[in-house]
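All of the numbers you see were taken from the coordinates with simple rules; none came from a lab. From a predicted model like this one, the values you see are computed outputs, not experimental measurements. Backbone-built Cβ (ideal geometry, glycine too); neighbour counts: all protein chains shown.
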Amino acid sequence: AFGGSAGGLSPLAAALGERWVAQNRPVILRGALRGWPPLQRWSDSYLRSAVGGKAVPVRHSPQECEGGRLFGDPGRMQAYESSEVPLSELLDELSAPHPRYYAARLQLRRSLPELLADLDETHPAAALEGGPAAALGG
């Protein structure tokens with residue numbers, strides 16, 4: 001299936017990269033994360049217990065936009081401020097109607113290495129570029 005070898009990506013992963021990624025075309029991989037351990041383990045309560053006190057980098061915007069803050073507008077990238085908050089505070093914010101924080105591509109290896117033990121690098125999803133293990137967030 002997807003699984004890579006020490007020398008590189010599997011033929012299927014390489015074909016996905018060539019057909020969709022290299023051409024900047026969207027693709028939906030149904031069931032690609034089925035059975036991936038973090039999907040079963042990483043509940044809010046588990047994350048709070050395991051790493052809730054760890055500081056993680058976040059972005060926040062001091063400007064209000066229609067009752068909330070606007071993230072994702074490339075024209076406003078310079079308007080975001082960066083800081084660090086405990087992961088538990090980020091989780092609280094993410095459940096709010098208009099979260100104040102945005103954690104873009106939170107690097108697990110750098111910010112939350114304690115979670116690496118939960119990853120299964122042999123899972124087919126690990127063959128995707130960077131793998132889902134590379135980061136949390138969009």
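Computed values, structure above
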| item | result |
| --- | --- |
| FRET efficiency, E121 to A96 (Cβ-Cβ, R0 35 Å, nearest 0.05) | 0.55 |
| Proximal charge balance of A55 [Cβ under 11 Å; K/R count +1, D/E count -1] | -1 |
| FRET efficiency, E114 to N24 (Cβ-Cβ, R0 25 Å, nearest 0.05) | 0.10 |
